[in-house]
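A short reminder: the numbers here are calculations on the coordinates, not readings from a lab. From a predicted model like this one, the values you see are computed outputs, not experimental measurements. As a convention, Cβ positions derive from the backbone with ideal geometry for all residues, glycine included, and neighbour counts pool all protein chains shown.
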Amino acid sequence: MKLPSATVAASLVCLIIAPVFAVQTMPSAAPGAVPVPATKRVTCLATTQNLKGQDRRDQLQLCMAQARVDCLKQAIDQKIVGDARKDFVKTCAGSSDGTAQQ
């Protein structure tokens, strides 16, 4: 099933906006707690929760691939190299070891 481009665009907007809201709402959760930003994986899972079966798996895989590309671009901009870059991309995208998938 092909999703309309509007759905894909909306998913990408959520991918960009959702972490901002997650970070802004977390400090009020517990006084003195250190806020932890939502990973892109959490955002991808949230944007695909209404889909089922193969559609969900496909969209989650596409979303995570885009998240890794975005994190890689960020690492390149910050001049992070070697093992530090690999760790940065994993942490940024929120993938545990690169093989985790639902």
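Here are a few things to note about the model shown:
- Our estimate of slack between N50 and A65, defined as 0.36 nm per intervening residue step minus the Cα-Cα distance, is 3.5 nm.
- Using the Cβ-Cβ distance between I80 and D58 with R0 set to 30 Å, the FRET efficiency from 1/(1 + (r/R0)^6) comes to roughly 0.50.
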